[in-house]
Amino acid sequence: MDYTLLNNGVKVPMLGLGTYRIGKTDNDVYNAIRTALDVGYRHIDTATLYANEAPIGKAIRESGIPREDIFVTTKLWGDDMVKNEIQQAFDRSMQLLDIGYIDLYLVHWPVKGKLVSTWHEMEKIYASEKAKAIGLSNHLQHHLEEILQEANVLPTVNQVEMHPYVVLDDLVDFCKENAIVCEAWSPLGSNKVPLLEEKILKDIGEKYGKLPAQVVLRWNIERGVIAIPKSSNKERQTANLDIFDFQLTKEDVQLINSLDKNYRTGIHPDEIEF
Ligand code: A2P
């Protein structure tokens, strides 16, 4: 496993497990997380929206793995920002997860007119030391600029939809210039697009004895982007972790970048309404 350091010194595994719709029941979620921890995941990404914090927390507590060895992210939902109930929302996530502290707390989506006031509430949460790092998700450059002008604590992370169909080089560069680490959600393009069927990815994978999914995840890591693919399946969870024993060439990277069509499977961050 490779790691990166956030701008406040916190260490994060470059590959984590996404958990949006990872199971229909709490039991399914619990089992998916126990399996992931068993096969080696040490970074789990959830959110208030996913309504699965309780079984994830239970799986972490019962895994027998020391708490400090697992990096856990959760996120603040927009409705709680609209209601100005940010501290309450954080306390609820803390209670549901019940794992002592949260490693990374993110603003899930930018809410118009609330960017800066929300960030100041996030800074209070960080000061309480109940979250070891705070950051953003689904924020574009103009959202980041607005927050950075007023921030007392720098965001550590910006987690956005990112894969070879939506490469977002400019956003990655802007984040790097501002010491913000990018994270990719749906790094495999989700099951809404046939990204993993692309011949370019199959051909590159064949050279290294790797699957298209492993090529895409490796591409993320090599550009300094943390990836959090979701899988509830033990074999795919294992395959997605097995990306630290090969390296892409410049030509491979250029070919993968050529798949870019600036196409998101999810909503555009300027279009979400709460
Ligand atoms: P599954 O859970 O059956 O493995 P997301 O976009 O939320 O990260 O979801 C990723 C999607 O890709 C899920 O539907 C997941 O299904 C699937 N998936 C995860 N890993 C792989 C892989 N290595 N190869 C093919 N599909 C994958």
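The values are calculated or read from the model by the stated rules, or taken from the named source; none is laboratory data. Here the structure is a predicted model, which means the values were calculated and not measured. All Cβ positions, even for glycine, are placed from backbone atoms using ideal geometry, and neighbour counts span all protein chains on display. The protein model used for the area step is the full one, side chains on, heavy atoms only, and it has no ligands, DNA or RNA in it. Shrake-Rupley method; radii C 1.70, N 1.55, O 1.52, S 1.80 Å.
The overall shape of the range 164-226, judged from the alpha-carbon gyration tensor, is prolate: a/c is not under 1.5, and a/b is greater than b/c. Cross-linked pairs Lys176/Lys210; Lys230/Lys250; Lys132/Lys199: Cα-Cα separations exceed 31 Å for Lys132/Lys199. Accessible area per residue was computed with a 1.4 Å probe on protein heavy atoms; Glu150 scores about 100 Å².
Per residue, the solvent-accessible area of the chain (1.4 Å probe, heavy atoms of protein chains only, all protein chains present) comes to 44 Å². With a Förster radius of 41 Å applied to the C-beta separation of Glu129 and Asp203, the computed FRET efficiency comes to 0.25. Calculated mean residue ellipticity, 222 nm, the chain: -12000 deg cm²/dmol, from DSSP H runs (n ≥ 4) at -39500 (n - 2.57) each, averaged per residue and rounded to 500. Note on Lys202: aspartates and glutamates with a C-alpha under 15 Å away, same-chain residues under 8 apart excluded, are Glu251, Asp252.
When the solvent-accessible area of the range 105-220 is split by element, carbon and sulfur atoms take up 51 percent of it, the probe being 1.4 Å.
Near Leu106: Cβ cut-off under 12 Å, other residues only, Lys/Arg at +1 and Asp/Glu at -1. The net charge is -2.
Is any residue of the range 3-24 close enough, with backbone N under 16 Å, to a label point placed 7 angstrom from the Cα of Asn191 along the Cα-Cβ axis, and if so, which? Output list for this probe position: 18-24. Taking 7 Å steps out from each Cα toward its Cβ at Arg67 and Ala51 produces label points 2.8 nm apart. When the square roots of the Cα gyration tensor eigenvalues are ordered a ≥ b ≥ c, the ratio a/c for the range 60-173 is 1.5 or more and a/b does not exceed b/c, which makes its shape oblate. Modelled this way, with points 7 Å down the Cα-to-C-beta line, the labels at Lys261 and Thr4 are 2.7 nm from one another. Working note: Debye formula, equal point scatterers on the alpha-carbon atoms of the chain, no solvent; log10 I(q)/I(0) at q = 0.16 Å⁻¹ is -1.28. Shape verdict for the range 198-269, please, from the Cα gyration tensor: rounded (a/c under 1.5), prolate (a/b greater than b/c) or oblate. Oblate shape, in that a/c is at least 1.5 and b/c is the bigger or equal ratio. Each residue, His120 and Asn178, gets one label point 7 Å from its Cα in the Cβ direction; the gap between the two is 1.9 nm. Going through the cross-link list Lys24/Lys58; Lys58/Lys130; Lys75/Lys261; Lys58/Lys83, which pairs have a Cα-Cα distance over 22 Å in this structure? Pairs exceeding 22 Å: Lys75/Lys261; Lys58/Lys83.
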